[in-house]
Amino acid sequence: MVFTTSTFILRVNMKVTELTDFDADLSRSKRGQFMIKPVLKYLDIVQIKDGSKGFLARGAAYIGEEEADGVEYFYFRVMTTDRLHSMLDEEHIIDGRATFIVHTFDQTTIEERINVVLRDSIRPTWGEVALAINRYLSWEYDSIKYETIEEALARINKVD
């Protein structure tokens, strides 16, 4: 689907097909260790601004393991170059993480770019996969700090 700027509300919620072009050897590392392949399972994009200042949308990529049902959410935004220029006029600086800048909105191009990120994020554990994806998209668990049982017990039993 290709969209240019106009005055309608766009909501895309569709199932995305599994990644292609994965070499079977990518599922194992050089040392024979099993590697987790992340897959884009759904893509949800909601247009929030459109008009003379350009197009801006928010999106969520529902990403999970290739052979599992569950997903985690990774957020991003899509904006046209016109919207970027108008935002820079107002804000003077823009954080570009989790942002796709385009001339016109094209969902297929966004999916392809996310799949490139996923191919670069194959790792031995899901935590490592999610952190690798988090470099490009905003992971729902980005600011959560995990503790081991020993760390949690030490914190709980700490006497001031």
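The values are calculated or read from the model by the stated rules, or taken from the named source; none is laboratory data. Worth saying up front: this structure is predicted, and the values here are computed from it rather than measured. Cβ coordinates were reconstructed from backbone atoms using ideal geometry, including for glycine residues, and neighbour counts include every protein chain displayed. For the accessible areas, the whole protein counts, side chains as well, though only heavy atoms, and no ligand, DNA or RNA atoms are used. Shrake-Rupley method; radii C 1.70, N 1.55, O 1.52, S 1.80 Å.
Among residues belonging to region 98-127 that are at pLDDT 95 or above and of a type in the set (D, E, K, R), point out the one that is farthest from Gln47 (Cα to Cα).
Across region 98-127, the extreme among qualifying residues is Arg123.
Could you list, in sequence order, the residues of region 72-122 that are farther than 30 Å from Lys37 by Cα, open to solvent by 90 Å² or more (accessible area, probe 1.4 Å) and charged (D, E, K, R)?
Asp82, Asp89, Glu90, Glu91, listed by residue number.
Within the bounds of region 44-52, is there any residue that is out of contact with any strand residue (DSSP E or B) (no Cβ under 9 Å at 6 or more places or on another chain) and at pLDDT below 60?
There is no residue in region 44-52 that is out of contact with any strand residue (DSSP E or B) (no Cβ under 9 Å at 6 or more places or on another chain) and at pLDDT below 60.
Output the qualifying pairs, or none if there are none: Cβ atoms under 9 angstrom, residues six or more apart or on different chains, first residue in region 106-117 and without any contact (Cβ under 8 Å) to a residue 24 or more places away in the chain, second residue part of a helix (DSSP H, G or I) and open to solvent by less than 70 Å² (accessible area, probe 1.4 Å).
Val117/Ala132; Val117/Ile133
Mind checking which residues of region 42-64 are open to solvent by 40 Å² or more (accessible area, probe 1.4 Å) and either within 15 Å of Leu137 (Cα to Cα) or under 14 Å from the mean Cα position of the chain (by Cα) (or both)?
Within region 42-64, Tyr42, Arg58, Tyr62 meet the criteria.
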